[in-house]
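Coordinate-derived values only; no laboratory data. Keep in mind the model is a prediction, meaning the values are calculated, not measured. So basically every Cβ, Gly included, is an ideal-geometry build from the backbone, and we count neighbours across all protein chains shown.
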């Protein structure tokens, strides 16, 4: 057999195997298993990661525990600017203001059975403003 015939035969076999592999892969349908009863899937990610922080904010800490997730951060914005920012962001995401305490710079938002609480603490010396965002699901 001439070398060109060997190359052509090998190429033809390779094309055939590739085509057969593609066909088998595209028509494969795995057997569906039944849902296991009594097992709840855990939500992936953290809802607080979808809420933006004011532009100059720095995250100081975060934690989660039994249906509560919390982020603590600081910003050079005033307490009123931080509250106004979160009102704008959360209302645009479908949350509604449940209560607001202007004296303590705190605001509570609800949506369905979920709740977000924001507490803001102003620095007396004009430094950064600290705030926490708590998500209850």
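Against the chain, whose longest principal axis comes from its Cα atoms, helix 79-92 is set at around 40 degrees. Stretched out straight at 0.36 nm per residue, the stretch from residue 124 to residue 92 would grow longer than its current Cα-Cα span by 8.4 nm. Pairing the Cα long axis of helix 3-27 with the longest principal axis of the chain, what angle in degrees results, from 0 to 90 and rounded to the nearest 10? Value to nearest ten degrees: 50. In this label model, residue 20 and residue 103 are separated by 8.2 nm, measuring between points 7 Å along each Cα→Cβ vector.
Under the simplified labelling scheme, the residue 76-residue 12 pair shows an inter-label distance of 7.5 nm, with each label point 7 Å from Cα along Cα→Cβ.
Let me know the Kirkwood hydrodynamic radius for region 47-136, please, with Cα pairs as the basis and the value in Å to one decimal.
Values: mean 1/r = 0.0759 Å⁻¹.
Mean inverse Cα-Cα distance, inverted, gives 13.2 Å.
Here the spin labels are modelled as points 7 Å beyond Cα on the Cα-Cβ line, and at residue 111 and residue 66 they lie 2.6 nm apart.
For the chain, what does the helix formula give at 222 nm: sum of -39500 (n - 2.57) over DSSP H segments with n ≥ 4, over the residue count, nearest 500 deg cm²/dmol?
Values: 2 runs with 39 residues, N = 137.
-10000 deg cm²/dmol, from helical runs alone.
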